[in-house]
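Worksheet: one structure, shown below.
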Amino acid sequence: MKVKDIILRQIFDSRAEETLEVDLITDENVSFWAQIPSGKSRGSKEAAVFDLSEAQKSLKVIGNALHGKKINSVREMDDFLVGLDGTANKSKLGGNLTLGISVAFARVLAFEKGVELNEILKWEFFGEAKGEAEKERKIPMIFSNLINGGSHAKNNLDIQEYMIVVKGGGSLRERIKKLVHFYRQLGGVLEMKNKKGKLPIGDEGGYAVDFKNNIEPLEIMEKLIYRFALEKDFALGIDAAASNFQRGKEYRFEGKLINTKKLEKTYKDYLKKIEILYSLEDPFAENDFEGFNELKMDSRHGKIVVGDDLTVTNPDFINKYAEEGLISAVIIKPNQIGTVTETCEAMIAAKKSGLKTIVSHRSGETDDNFIIHLAKAGAADGVKIGAPIHERIYKFNELMRIYND
Ligand code: 2PG
Ligand code: MG
């Protein structure tokens with residue numbers, strides 16, 4: 001198939017910040033769009049993000065090179081984009097533009113073949129090996145961020161995200177219902193505690209009030225989990241996004257400068273005090289290998305250390321840090337790397353290295369549900385999609401729809 005035209009539009013994300021929408025039209029007048037989310041706590045090695053005017057310039061380069069070319073698979077399209085870009089982080093073409101083209105093209109292909117987006121991804125990248133159908137039915141854990149801090153909120157929390165990890169509890173619909181109920185009850189508890197009227201909400205729909213310290217949100221959520229006898233189905237997770245509170249070689253935590261050792265001890269205390277604390281994402285800054293090394297933990301101990309800014313959905317980094325044993329799970333965000341093919345390769349690399357895969361949204365989200373299809377296609381272990389409210393709810397709904405559960 002040939003691409004006739006690509007139209008770029010500047011739209012707004014859930015923070016009302018500018019982002020891109022890409023419309024791809026084929027020579028048979030089939031057209032599909034993709035919208036690109038944006039992150040605030042970004043890894044330094046993430047794909048470059050272009051604004052509309054930069055992206056328009058780069059689109060001209062792409063348009064000229066693409067002219068008259070026949071492209072029949074997502075991989076062909078992505079190989080073309082990666083080849084034309086030729087940089088380590090899509091700094092020539094813009095990773096948000098290349099991802100938009102890549103996702104829109106995958107949608108066109110799915111339409112042409114008469115299948116859902118997740119099926120096209122599965123066929124092309126994840127194979128149809130025996131047993132795959134079984135795996136596909138695996139319901140992913142839901143990482144839902146109910147208390148926001150760090151760069152996603154205006155409160156006093158250094159840690160960016162406090163998540164409920166929904167691990168069980170019946171069908172997806174039943175699990176989400178329990179999560180919604182829990183979210184509301186937590187709101188009630190925090191409202192009583194806050195006493196300042198309406199609860200502020202952070203970028204990912206979580207509550208964003210002030211707390212005594214960084215462990216208090218975990219203590220409150222833990223108590224509530226036990227109160228509702230949800231401890232079999234719910235666990236807790238944090239995303240420290242520690243690069244954001246790193247200052248030189250130290251960390252600014254609860255008003256003090258502390259070193260890596262002290263931060264590590266803080267997490268170990270959390271794990272000791274909060275038995276159901278299951279996952280620690282980016283507990284140290286992306287360049288603090290010593291920290292990750294000290295905290296080494298793997299799934300055998302029932303806990304996971306998750307790489308995000310550290311790994312930026314890059315298969316090479318994932319392989320390296322998995323081999324060094326620094327992480328036991330990894331966040332997969334398509335816009336960190338900039339094409340569908342490379343995103344799928346990152347997932348495959350993670351699986352081969354025995355890491356759990358968690359397909360994730362960004363803090364600045366759009367209506368685009370691509371990540372849910374990616375999660376299903378690649379039989380992800382988890383999806384990280386924010387609190388069940390506002391714009392985030394579309395991801396929950398798509399999850400129920402395509403997993404048909
Ligand atoms: C993260 C993400 C999503 P952002 O750090 O994991 O929760 O935040 O999109 O701002 O990078
Ligand atoms: Mg993160």
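The values are calculated or read from the model by the stated rules, or taken from the named source; none is laboratory data. Because the structure is a prediction, the values reported are computed rather than measured. Neighbour counts run over all protein chains shown; Cβ positions are idealised from the backbone, glycine included. We work out accessible area using only protein heavy atoms, side chains counted, and drop any ligands, DNA or RNA first. Shrake-Rupley method; radii C 1.70, N 1.55, O 1.52, S 1.80 Å.
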Expressed in angstrom, Rg and Dmax over the Cα atoms of the stretch 210-249 are 13.7, 43
Taking every DSSP bridge whose two residues both lie in the stretch 141-402, the antiparallel percent to the nearest 5 is 45 percent
Using eta = 1.002 mPa s and T = 20 °C, Stokes-Einstein with Kirkwood Rh from Cα pairs puts D for the stretch 173-216, in µm² s⁻¹, at 186 µm²/s
On the accessible surface of the chain, probed at 1.4 Å with all protein chains in place, carbon and sulfur together account for a percent value of 49 percent
Among 70/122; 268/356; 113/320; 178/268, the pairs whose Cα-Cα distance exceeds 26 Å are 113/320; 178/268
Quick calc of log₁₀ I(q)/I(0), the stretch 3-124, Debye, one scatterer on every Cα, no solvent, q values 0.12, 0.16 1/Å, result -0.43, -0.77
Heavy-atom accessible area of residue 234, protein chains in place, probe 1.4 angstrom, given in Å² to nearest 10, is 0 Å²
Over the stretch 219-357, with neighbouring protein chains present, the accessible area per residue in Å² at probe 1.4 Å is 42 Å²
Ordering 278-286, 38-46 by per-residue average of other C-beta atoms within 10 angstrom, highest first, gives 278-286, 38-46
Reported to the nearest 10 Å², residue 77 has, with a 1.4 Å probe, an accessible area equal to 0 Å²
Once both label points are put 7 Å beyond Cα along the C-beta direction, the residue 257-residue 57 separation in nm becomes 3.9 nm
Rounded to whole angstrom, the alpha-carbon centroid of the stretch 273-349 lies from that of the stretch 131-201 at a distance of 21 Å
Log entry: pair-distance distribution for the stretch 141-402, C-alpha pairs binned every 10 Å from zero, whole % per bin is 7, 32, 39, 20, 2
